[in-house]
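**Q** Pasting in a structure now, in structure tokens, and then I'll have a few things to ask.
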Amino acid sequence: MNSPVAAGKAQSDAGTPVPDAFFADLHLHSLFSDGTFTPEEVAERGSEAGLGVMSLTDHDTVEGCARMAQACQALGIEFVVGAELTAEFKEKEVHLLGYFFDPHNAALLAEIEKFQAVRKNRIFEMVERLNKAGIALRAETVFELANCRSPGRPHVARALVQEGLCATMDEAFERFLKKGRCAWVPKCKISALAAIALVHQAGGLAVMAHPGLNHCDEIIPGLAGQGLDGIECFHTKHTAKMSKRYLNVAARLNLLVTGGSDCHGHSKGKPLIGGVKLPGVYWQKLKAAHQARAGCGGASLGAAT
Ligand code: AMP
Ligand code: ZN
Ligand code: FE
Ligand code: FE
């Protein structure tokens, strides 16, 4: 786990003094995709962890954002709309985090709906493969358990555990679901350039999530030249050395810096909220960049209503 750099008494680009202990977590999941917490639980735990800003970045959905915005407001926490899209560039998988976009944007919602349909088909395909391997799981069981529009492999894994077909989620991934195993079905990905354009046309900023996990350093300059706004330097699975490396990459390419825990609730072990705290100075720079782009000079944070 990385240790974020100290914020100190820095000034943001916007000129706003940043308090010493002001931290953000800009990468969080809820049960609207493959997390296990409700948006209210995410907000509550973020508040307990002392966060000043949070974003909900569920996979291929913005459904939880309105509830999360409301819960954050009640707790005195700043909220920014977000989502995580699985994309690819030059045959490399990258995860793109969109922030500040209009959650009602028609083009964005239409694209999200397409991906949700593909996710549903992928579940049917995974279950069919499991059945062929003699594992008696029903697709309906997965959909009932997932109870959301963005079902994924973790839901299949949880269903296998629930039905007593695997002892743990790790076993489910190891035996059936990880790449190359019998029930693995590749995920449909949007082109990274299309995803960036989609987020931009909806008024948002596009950030590459956890570059250290996707082993895609060589494509960062290309994407930066094509509109990528930032990179997630701080992440649960980035070591301090990796975070430092990406801070250097961001400085060199003039990219914004973000960070988040990528907490999925209990679905991948213990909840991670609070484990990664992005110093407020980076949040202020992100916000200032959005405001400059939108020409709104400080009015809207793009929170869902
Ligand atoms: P998908 O997007 O449907 O391909 O599923 C990917 C998700 O499965 C990611 O959030 C991974 O972190 C998660 N995942 C991968 N391996 C495991 C595991 N052993 N236990 C729990 N979740 C996992
Ligand atoms: Zn996830
Ligand atoms: Fe991701
Ligand atoms: Fe994530």
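**Q** Write down Rg/Rh for the chain, rounded to two decimals, with Rg from the C-alpha atoms and Rh from the Kirkwood relation over Cα pairs.
**A** 0.97
**Q** Would you please give the residues with an amide H less than 5 Å from that of Leu56, counting only those at least 5 places away or on a separate chain, with H modeled from the backbone geometry?
**A** Val80, Gly82
**Q** Sticking with this structure for a sec: Just to be sure I follow: if Rg is taken over the C-alpha atoms of the stretch 117-177 and Rh is the Kirkwood radius over the same atoms, what is Rg/Rh?
**A** Taking Rg over the Kirkwood Rh, I get 0.92.
**Q** While we're here: Where in the stretch 164-179 does the amide nitrogen come within less than 11 Å of the point 7 Å from the Cα of Arg138, taken along Cα to Cβ?
**A** Output list for this probe position: empty.
**Q** Packing-wise, with mean Cβ within 10 Å as the measure, how do 46-56, 284-294 rank, highest first?
**A** 46-56, 284-294
**Q** A further question follows. For a quick check, take a GNM of the chain with Cα springs below 10 Å and name the residue from Ala24, Ala250, Ala117 with the largest mean-square fluctuation.
**A** Of the options given, Ala117 has the highest mean-square fluctuation.
**Q** Right, something else. Counting DSSP beta bridges with both partners in the chain, what percentage is antiparallel, nearest 5?
**A** 45 percent
**Q** If amide H atoms are built 1.01 Å from N in the plane of the peptide, which residues on other chains or at least 5 residues away come under 5 Å of the amide H of Thr38?
**A** It is Leu31, by chain and number.
**Q** Gln226 to Lys187: FRET efficiency via 1/(1 + (r/R0)^6), r the Cβ-Cβ distance, R0 22 Å, to the nearest 0.05?
**A** 0.50
**Q** Same structure again: Hey, what's the Cα Rg ratio for the stretch 178-305 versus the globular rule of thumb, 2.2 N^0.38 Å?
**A** Against the compact-globule rule of thumb, the ratio is 1.15.
**Q** Compute the acute angle (0 to 90°) between the alpha-carbon long axis of helix 39-48 and the principal axis of greatest extent of the alpha-carbon atoms of the chain; round to the nearest 10°.
**A** 50 degrees
The numbers here are math on the coordinates, done by the rules we state, and not lab data. None of the values given here were measured: they were computed from a predicted structure. Ideal geometry is used to build each Cβ from the backbone, glycine not excepted, and the neighbour counts take in all protein chains shown.
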